[in-house]
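Derivation of every value follows stated rules applied to the coordinates shown; laboratory data play no part. In this text, all values refer to a predicted model and were calculated from it rather than measured experimentally. Reconstructed Cβ throughout: ideal geometry from the backbone, glycine too, with neighbour counts over all protein chains shown.
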Amino acid sequence: MTSNAQASVKDALTAPYGDLAFLLDLDPPMSDFRRDAHAALAARPRRISPMYLYDERGSQLFGEITRLPSYYPTQTERGILDANARDIAEAVGPRRAVFEYGAGSPEKIDRLMSLLKAPSAYVAMDISRDYLLAGMRDYAARVDFPVGAVCADFTQPVDLPKDAIGPDADWLGFFPGSTIGNVTRDAAADLLSNAARTLGPGAAFLIGLDLEKDAETLLRAYDEPEGVTAEFILNVLRRLRDELRADLDLSAFRYLAEIEDTPQRVEMSVAATRRTEISLDGERYAFAEGDRLHVSRSHKYSLQRFDALLARTPWRRAAAWTDADSRYAVCLLKHD
Ligand code: AVI
């Protein structure tokens, strides 16, 4: 790391921070919705980042999705962690300091921390400073090990202030929910390589992975009759209309989920059901019937394909636990 980068990390660190062992605020580049919306609408194909799904309403809708019976990843991951708690704890080893990618819900954090043997610390990284601090302050008040917070985008490399936790801690990265599937395979390899650097030698990494499967199960999970996923994806247009004051007719668009192969993934778009236009800041973007705006994708992996991805990173797969139908895997990665 250069001396300039060292200086900026130092400025970004406050330790302790109230009840927290530290706050490392890397001031993640806040995106510019208006600029990105213009760029997305002018591009061919039209594509906008899935991060714009998650305003308050979008986060609530995603929470609802995770409770739908047809959206198997959340319940299946939970089932795998519960059914294999002992084996996982054994394979991970005792006294790990945990670094979670994305601040988990209290229930998710408790599930992991109570499964591990004598965890020594918990640190979460999240792009939303308010969400992160609210969650971590509550958590720090409930537990007797150090809790830290890193405000950053999870694709950023992070220099953890290890002295604030204990310089000799053995780290465990935790990235549940199969969120790794929401980035391209190249970005996933970069993220994992950065994680190896962040967590240091001897680290382990527990990651949730949605496995390749039949197209019907995927369609049931990503285009269910309840229509919550449709609302979730269409929320991008609602935000364009309500926050950016774009002139658009929501009823002229529908949600479209498509299953693609090699690599298997669900592609999520909004599609115009008739000729229409979106007008933003006086700029008019025409849609012919069937024209799309791509919003999100969710990659599915086989364990073999995941191993091939890991071969591009310092990690190797030490173990994997799956459900009885092999729909989902929790993988334990290690590196020396
Ligand atoms: C957050 N992520 C893991 C979800 C997924 O399954 O790809 C996002 C999602 N999009 C539609 N449904 C769920």
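Mind checking the full-extension length gain between ALA311 and GLU267? Use 0.36 nm per residue of separation minus the Cα-Cα distance, one decimal, nm.
On the way: separation 44, 0.36 × 44 = 15.84 nm, distance 2.59 nm.
Separation in residues times 0.36 nm, less the Cα-Cα distance, equals 13.3 nm.
So which trypsin sites (Lys or Arg not before Pro) in the range 203-306 are both in a DSSP loop and have at most 13 other Cβ atoms within 10 Å of their Cβ?
ARG245, ARG274, ARG275
Amide H contacts of PHE287 (H built 1.01 Å from N, in plane; Pro and chain starts excluded): THR276, GLU277, ILE278 sit under 5 Å, all sequence-distant by 5 or more or on other chains. Net charge of the neighbourhood of VAL228, taken over other residues with C-beta under 10 Å away and scored Lys/Arg +1, Asp/Glu -1, is -3.
Partners of LYS334 within straight-line reach, counting aspartates and glutamates whose Cα lies under 13 Å from its Cα and excluding those fewer than 8 residues away in the same chain: ASP170, ASP307.
Here the Karplus relation 6.51 cos²θ - 1.76 cosθ + 1.60, evaluated at θ = phi - 60°, turns the backbone of the range 199-209 into coupling constants of 7, x, x, x, 6, 10, 9, 10, 9, x, 9 Hz, with x for every Gly and Pro.
Our coupling estimate for the range 44-53, obtained by passing each phi through the Karplus curve with A = 6.51, B = -1.76, C = 1.60 and θ = phi - 60°, is 9, x, 7, 8, 10, 5, x, 4, 6, 6 Hz, Gly and Pro reported as x.
Given points 7 Å out from each Cα along the Cα-Cβ axis, report the ASP153 to ALA318 separation in nanometres with one decimal. Going from the ASP153 label point to the ALA318 one covers 3.1 nm. Remark on ALA246: its backbone amide H falls under 5 Å from those of ARG241, a criterion applied only to residues 5 or more positions apart or on other chains, H modelled at 1.01 Å from N. Couplings for the range 175-189, taken from phi via the Karplus curve 6.51 cos²θ - 1.76 cosθ + 1.60 with θ = phi - 60°, read 9, x, x, 6, 5, 4, x, 7, 10, 5, 5, 5, 5, 5, 5 Hz in order; Gly and Pro are left as x.
Between the amide H of PHE99 and those of VAL123, LEU172, GLY173, PHE174, distances stay under 5 Å, these residues lying 5 or more places away or on another chain, with hydrogens modeled in the peptide plane. With the helix formula -39500 (n - 2.57) applied to DSSP H stretches of n ≥ 4, the chain reaches a computed 222 nm mean residue ellipticity of -11000 deg cm²/dmol.
With 25 Å as the limit, the listed pairs LYS117/LYS300; LYS117/LYS162; LYS117/LYS213 have LYS117/LYS300; LYS117/LYS213 beyond it between alpha carbons.
In square nanometres, what is one fourth of the surface area of the convex hull spanned by the alpha carbons of the chain? The orientation-averaged projected area of the Cα hull of the chain comes to 17.6 nm².
Here the dipole of the chain is about 420 debye; that uses its Cα centre as origin and unit charges on the Cβ of Lys and Arg (positive) and Asp and Glu (negative). Our estimate of slack between ASP247 and ARG57, defined as 0.36 nm per intervening residue step minus the Cα-Cα distance, is 66.4 nm. Counted by Cβ distance under 15 Å from TYR131, the other residues give a net charge of -4, where Lys and Arg count +1 and Asp and Glu count -1. Which percent, nearest 5, of DSSP beta bridges in the chain are antiparallel? Here the share of antiparallel DSSP bridges comes out near 60 percent. With the cut-off at under 19 Å, measuring from each backbone N in the range 201-225 to a point 7 Å along the Cα-to-Cβ line of ALA91 picks out 202-212.
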